Every structure is written in structure tokens, then in C-alpha cells.
Ligand SMILES: C[S@@+](CC[C@H](N)C(=O)[O-])C[C@H]1O[C@@H](n2cnc3c(N)ncnc32)[C@H](O)[C@@H]1O
């Protein structure tokens, strides 16, 4: 929570300004009809704008195309345009060359809203720098428009587009006549307009990031109507308003803090008044100008939680987090969210594009052997095949048919940190290979196994994909059979680490280690690997509980384990990892007699 402190001077020294700094009494009303958005009682002090503030433009001002678009959207679920808010602001119009110096000088008095630059651009505030040397210093705005019309292919007078050849020819003749012929410049200015993308990039590099039509926000100057202008406008049309101002070089708008909206120049803080005064003092022709403007924030401006808060009924917790698996956002919606699941998914998708392309919800707890999730696609494309990057490795997964949990990435990394190049790893429940394949980069060799044939297919593909297929041998069998098979083979001698990540029941597979070396000649060399077994516990003492399960599975009175709590997977339910060295008594146990 942030609180803004305003320091207000007790008395404002009287300064007189030229009339252009004072707003006229009859500013031209906005062309759209407005109504105030009803504000809810806010308990939090908000930083920046909020959907409870500003003015919501009415649908009457929309053109038929917009209305149809809105209709289509509301058929889908909700109307994005209902999130448009217009804010009245005051801005200082300054020459480009001064704007950065003034920005740092007036810091604290400028608009300080997230994702909105306080230096704004509006149409016709600039001229192509390549043209400037050709234009000289005496250019008027009308000249500029006339020139731009010619450059962009319009004929003088009738507004018809000239063919590119004629247009070029015309330019050549005119420039020739004036003795300015410079073919290089001519080529530049008669070149077709650059693609939209390039223009946008340029705008961004000029510090106008994200501001532009159909993006997050739009700044427009509210032109003030002067006496007699109404009649002229009727004659000349709306375009007239843009040409009235005498063009005095490229300008930018410095958006002033929202609290100065609609204030007159003499009501502004001292710092701004001093800037204006200095400007008028320097020459009779002042270059700074106070203007009123509208800042329109669109649906794309607002954050996911702001949109959801406005859409969901009061009292419902706004879902704010989701798990990401490649291009898929994986929600875990509560019962109360289900009536709004499609709406929530659309917002998640809209606010996280392009990284997120699909939004799914888990519809049931994991019950099956392969630990796959029952997922419902709520928004976006329906493909659940994706690529995940973890620990610098890339894994293909199909969430519909194999297990994947990105939340275990840190744990997997911790486990890998304990491996060295001397190790040989045996991954009993490997899935598509996040541990096995990452380990293969570090260790000598990996034996990876999974019961799910589709997971094994992906595992093999991922080995190749990460160019580690030569270091990994893949098996597709039940975990218990796999342990028995591999430890009865010659490979047993080399295995130093065993990973058992099937938290629901891996501990119950530990009995497979009993007597694994019993039938071997006693004079052989034996390796006693370190076993890392994962498990869940809901007990009051989860460490003790899990330890007991391990001890019982191994039929041992005492097992020396190093216990770690990995994470809380649900309230009161821990995921644990127990690491211990396989003991001689277990490996050489006599499995023919009845144990405990
Ligand atoms: C919790 S996942 C862990 C996968 C992988 N280690 C990871 O971190 O993503 C457990 C894996 O064990 C496999 N599995 C389940 N029962 C099995 C069994 N009896 N034998 C071998 N693998 C089994 C499942 O198919 C699943 O891929």
C-alpha cells in the first residue's frame, strides 16, 4: 500500500501569464457523451489510475463497426470496451529539445502512473528530421502540411493520390526549380511509407513505449474553441482544428500529475510556474504552452487482477496465480470460480499473450497410475503438447498423457547439485526425463525407467533433443521389476545414486532392494548407492511418519536417513525427500524367511 503526500504552499505568489497559458472559459466539449463511472468504496489507496476512476465513454459515441465488434465480444463473454477509461489531464507542450531537461526538472509534478510515459506524443507534433534542413527555419505549419501532402502522394488542391511516378516527378521538378536538387534526399523522402512495425519501434525508442492507438493508451489534446471558430469549423470540417496552430518545430507533451487536471496556470505549483515564467522571460515568443488533454486507457492497459476484480462478483477471491508449462497456463480454480471459468481464462490469456497460448483448468485430483492430470481447455488453442525449458534443457511434454510439474524445478536442481561426474544414476520413475536428462549432463551414465509407454516415448525423444541419448539407457517397466532387474545385472556395480520420485507410493517400492545382492558371490565388489525417495505426509510429524514408512518397507529396525521437507503441496500435506545409503543388511537380506 502506498500513500501519496502532497506538499501544498500556503500562499501562491501572484504571477501574470500571457493569455495562452490560461484556459479559456469555454473549452470545446469532448465529442463523446460521458457519464461518470460509479465509484465503489475503496479501502486501499491505489497507486496510479483505477477502473473505479476516470470516465467511461458511452457506447453512443461508437461507430457501427465498433458497436458490432462490441456485440461480438459481449456474445463471447464480456465487452473489452467497458474497460476504457478517459482521464482529463493538463500537459505542458514543449519543444522536443527541451523535453528531457524539463522532465527531470519537473519530476514529482509529472504524471506518475505505471506503464504510462509522462512524455507523450500526439499526431502532427513532429517532422521528419531529414526534411528539416530542406525547410529552413521559417516554416509555418500550413507549409508543413502542404509538403507532407505532396510527399505522401496527394495532389495539391483536390487531395487525389498521385501515382508514385508522377509524385516523384513532381517532387523532382519542384526541387529543381528551387535549386535544391539533391537526389539522395529526394530518394529518401519519396520512398513509400515505412511499415507500421518500424514506426512503432521508432515511437518506442523515443520513449513513448506502449502508447498509441489500439495499444494500452492514447493521448489527445483537447483543442480549445476560440470565438468564431465554430463557424469556420462548420465550413472547413474537423481537419481544420489541427492546422490552426502555428507550427513552431517538433513538440512533445509533458503530462502533469493528475491532481493538476483542470487547474489554471496560476493554480499550478511553483516549479511549473517558474518554468513558464522563464520561458516568457527569455523571449517575447514563448515556446511552452499549457494544454488540456485526454488520456484514454484501454482494456490492454489494465492488469489481470484489475480486470478480474471488476468482472467477478464481490467477495470472490480473485485468482492471481497459475502454473506455466511451456505455452500452457494451468489454473487450479476453486468451486466458487467455476461459473466464471471461461471469463477468467480469457483474461488470463489476453493478459499473458503471446507467451501463453492455452489456458487449462485441472478438473480432478490425480488418481491414475501415470500421474497424468484431467485437464479442461478453457481458452486458446487446444494443443496440450508443449516444450518446457528447465535447467537449460528442453523437454517436450503432452500434458494430456504424461506427468509434468514445473514447481519441482528447484527441487530437481537441488538434487542435481549433489551429483558429480563419477556418479551413475538410476531414475526409477523418470517420466519424460527432467531429472534423468539433466543428470546425464553431469554424471557418467543414467538408467531411466517409467511405466507409462507414452512418457517413455517422450523421454527417448527428449534424450535425442538434448543430444544426450548416448549417456542414457531407457526402460519401460514397473519400478519394482526395474530395480530387481538392474541390480541383478552387471550394471549394479556402477550405480551410485537412485532416484525414486513417485511421492504417493515410492516408499512402498523400497522392499525391492531387500536381498538384491544376496545371490551374488560374496567376493564381488559391491556398491551401496545413495537412495533418494520422495513421499507425501499429512501426519502431525511428517518427518517421523515418512521415516516410519521407509523403515517398514525396508524391514529395518533403524535406517539412517537425511530428511528434507520439499514443499507444502496442500494445507497440512508435505512432500518430503529422504536420502540414505542402502545398507548391507538390506542388500544381503535373506528374503526366503518371513520378515517382521
Ligand atoms: C511423479 S511422476 C515423476 C516423473 C519425473 N521424475 C518428474 O519429476 O517429472 C511419477 C512417474 O512415475 C511413473 N510411474 C507410476 N507408476 C509407476 C510404476 N509402477 N513403475 C514405474 N513408473 C511408474 C509415472 O508414469 C510418472 O511418470
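The values are calculated or read from the model by the stated rules, or taken from the named source; none is laboratory data. Model, not experiment: these values are computed from the prediction. Because the Cβ atoms are built from the backbone with ideal geometry, glycine has one as well, and the counts that use them run over all protein chains shown.
So here's what we get for this one:
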{"item": "Tally of residues being touching a strand residue (DSSP E or B) at 6+ places or on another chain (Cβ under 6 Å) and under 17 Å from residue 377 (Cβ atoms) across segment 400-415", "result": "1"}
{"item": "Looking only at segment 356-388, and only at residues there that are assigned to a loop (DSSP other than H, G, I, E, B) and modelled with pLDDT of 90 or more, the one that is surrounded by the fewest Cβ atoms within 10 Å (Cβ to Cβ)", "result": "382"}
{"item": "Helices (runs of 4 or more DSSP H) fully within segment 410-503 counting 2 or more residues that are within 16 Å of residue 397 (Cα to Cα), within 15 Å of the ligand (Cβ to nearest atom) and free of Cβ contacts under 8 Å to residues at least 60 places away in the same chain", "result": "434-440, 453-465"}
{"item": "Criterion violated by residue 507 - all others in (1) within 16 Å of the ligand (Cβ to nearest atom); (2) outside any loop (DSSP other than H, G, I, E, B); (3) surrounded by fewer than 21 Cβ atoms within 10 Å (Cβ to Cβ); (4) modelled with pLDDT under 95 satisfied", "result": "(3)"}
{"item": "Listing of strands (runs of 3 or more DSSP E) fully contained in segment 286-344 that carry 2 or more residues being closer than 30 Å to residue 434 by Cα", "result": "323-325, 328-331"}
{"item": "Single match in 530, 575, 563 (criterion: surrounded by 20 or more Cβ atoms within 10 Å (Cβ to Cβ) and under 18 Å from residue 414 (Cα atoms))", "result": "575"}
{"item": "Out of 328, 272, 317, sole residue that is crowded, with 19+ Cβ neighbours inside 10 Å and not assigned by TED's automatic domain parsing to the domain that holds residue 115", "result": "328"}
{"item": "Residue match in segment 513-527 (condition: part of a helix (DSSP H, G or I), at pLDDT 95 or above, away from the ligand (no atom under 14 Å from the Cβ) and under 27 Å from residue 444 (Cα atoms))", "result": "yes"}
{"item": "Filtered residue count, segment 559-582, keeping only those that are assigned to a strand (DSSP E or B) and touching a residue at least 24 places away in the same chain (Cβ under 8 Å)", "result": "12"}
{"item": "Among (1) in contact with a helix residue (DSSP H, G or I) (Cβ under 8 Å, 6 or more places away or on another chain); (2) crowded, with 17+ Cβ neighbours inside 10 Å; (3) over 19 Å from residue 579 (Cβ atoms); (4) in the same structural domain as residue 501 (by TED's automatic domain parsing), the one test that residue 457 misses", "result": "(1)"}
{"item": "Any hit, segment 371-384, residues being within 12 Å of the ligand (Cβ to nearest atom) and in contact with a strand residue (DSSP E or B) (Cβ under 7 Å, 6 or more places away or on another chain)", "result": "yes"}
